[in-house]
């Protein structure tokens, strides 16, 4: 504002100078005609000339006076335009406004938009996320946050959770949501007749209704990550209570659901064969949270990514649910797109199986295998540097991450010396999916440079389950979804060794077992973090696996859509965590 005042003062000084210049010539030309004019002016009742009078001004001015007037007027106009432009630029603000239809392409087709079954990544989970509310959801940084929950109280032993839910929540048909709906949904999940994939971790949890807004969960034993299990959508009891297990998957409510989330079902379009072509949601104006700016969201379905990418290039859609890295080159107008690279809660690593190759039992050999890999360069060569380097079993974004870990840097000379003393031949198994084979080829090349004999074994996705179950590999390139909580008991505790567990390296360390068991039952957050930091320190020191990277989830959207916020996702549907901030329409307003 100070700069504008200076400019106005400068302009005023210039105007005074021009007027003085004009007055000088007027005074020099004073004669009888000037005195006559003054007399007429003094006798005139109107001192300011009218527009009609101004047009005769040039008759009383000589050419030089006329030029001075024109210059003064020009300076005035230019300065007014400039000052007006500066003022508007500094004070005009653009605000999001409600309305607009966001169109997203999806390589998938909805089948069951039902929280009991929409647990795997896909359009069912996406739609369930937008239509239904849950007690908790993950935010754009991968942290657990309240959704329906207003407050949580945990007892000292960590076995009882008293949860109070919001009082202003209504189903999209107008009924009020209460704790009875929460308990009803949990009972369906726990009932084996409904075959919900969510059943096992929640099977022994007991829920009691205290009142319409408060309920109590009772656990058989302490389990610190319990709240992370409460991210399932809540079903309306009044609508679903008379639908039995045999009819639940056939109900029309699976395609025309009624929830309490930010959006609700609007329309769907099928082709002549009965296949869904598009599915539209409309904003829920009675939503208890921040009501989204978008009026509608339309999902269009495609059989393959190539067709979906073409639609994005042709501006038929504004976004794509996911872009495989190998297809990034198919995008044409990247300058009109925002490629959101969201960190996934996934760790890709090389898992060692000592039972299949005894040489891998030597730590010096495993260290040489790690130090012979230029992992940052592999990420740069294969993924254009978009993936995040991994140094341990827990992601840097996690609250329990230990940044003071052993880092196995690229030391090919030292690695070659070790391999020369311990000749090594290995079989590297990789699943033929995405860029995994290309990554494996880079790893093979690095290992061969230090004298390791490498055989690459490529298996199909159909073979993967059997190979993993039987531990039929020497070294396996594989990615594990580690979730939002640091509890990695299922991946590293010795009880999970063998065909029934997920401890792929058959790793066994009593100290790690103790840390993992106590950490998952410790309510005190500070104590939990300390235990997980120690766990990471031991794992990276023992090196049962080489941690490579965390893949990003590429989410392309048109630059016309604003307001996206997000850095990390636990599930792909979490990309909608900031949906209430998204907008297409704007309005301008001067701010004084």
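The values are calculated or read from the model by the stated rules, or taken from the named source; none is laboratory data. Small disclaimer: the values here were computed from a predicted structure and weren't measured. Don't worry about glycine lacking a Cβ; one is built from the backbone with ideal geometry, like all the others, and counts go over all protein chains shown.
Residues are listed down the side, and each one gets a yes or a no for (1) in a loop (DSSP other than H, G, I, E, B); (2) at pLDDT below 95; (3) assigned by TED's automatic domain parsing to the domain that holds residue 487:
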residue	(1), (2), (3)
400	yes, no, yes
414	no, no, yes
434	yes, yes, yes
440	no, no, yes
444	no, no, yes
464	no, yes, yes
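Counting only residues that are assigned to a strand (DSSP E or B) and over 25 Å from the mean Cα position of the chain (by Cα), which one in segment 271-290 is farthest from residue 97 (Cα to Cα)? For segment 271-290, the residue satisfying everything is 276. Between 580, 552, the distinction of being within 25 Å of the chain's Cα centre (by Cα), surrounded by 20 or more Cβ atoms within 10 Å (Cβ to Cβ), in contact (Cβ under 8 Å) with a residue 12 or more places away in the chain and under 30 Å from residue 319 (Cα atoms) belongs to 552 only.
Is it fair to say residue 337 is closer than 30 Å to residue 379 by Cα, touching a residue at least 40 places away in the same chain (Cβ under 8 Å) and assigned by TED's automatic domain parsing to the domain that holds residue 117?
Details: closer than 30 Å to residue 379 by Cα: yes; touching a residue at least 40 places away in the same chain (Cβ under 8 Å): yes; assigned by TED's automatic domain parsing to the domain that holds residue 117: no.
When the stated conditions are applied, residue 337 does not pass them.
Here 258, 248, 239, 206 are screened, and the one residue that is in contact with a strand residue (DSSP E or B) (Cβ under 6 Å, 6 or more places away or on another chain), more than 21 Å from residue 145 (Cβ to Cβ), in contact (Cβ under 8 Å) with a residue 12 or more places away in the chain and in the same structural domain as residue 158 (by TED's automatic domain parsing) is 206. As a summary of the residue check, residue 136 satisfies the conditions (1) within 22 Å of residue 576 (Cα to Cα); (2) buried (at least 22 other Cβ atoms within 10 Å of the Cβ) except for the one numbered (2). In segment 324-340, of all residues being surrounded by 15 or more Cβ atoms within 10 Å (Cβ to Cβ) and out of contact with any helix residue (DSSP H, G or I) (no Cβ under 8 Å at 6 or more places or on another chain), the one that is modelled with the highest pLDDT corresponds to 338.
Report whether or not residue 273 is at pLDDT below 95 and farther than 24 Å from residue 559 by Cβ. Break it down into steps so the answer makes sense when it comes.
Details: at pLDDT below 95: yes; farther than 24 Å from residue 559 by Cβ: yes.
For residue 273, the condition - at pLDDT below 95 and farther than 24 Å from residue 559 by Cβ - is met.
One residue alone among 317, 378, 394, 406 is in contact with a helix residue (DSSP H, G or I) (Cβ under 9 Å, 6 or more places away or on another chain), part of a loop (DSSP other than H, G, I, E, B) and more than 28 Å from residue 577 (Cβ to Cβ), and that residue is 406.
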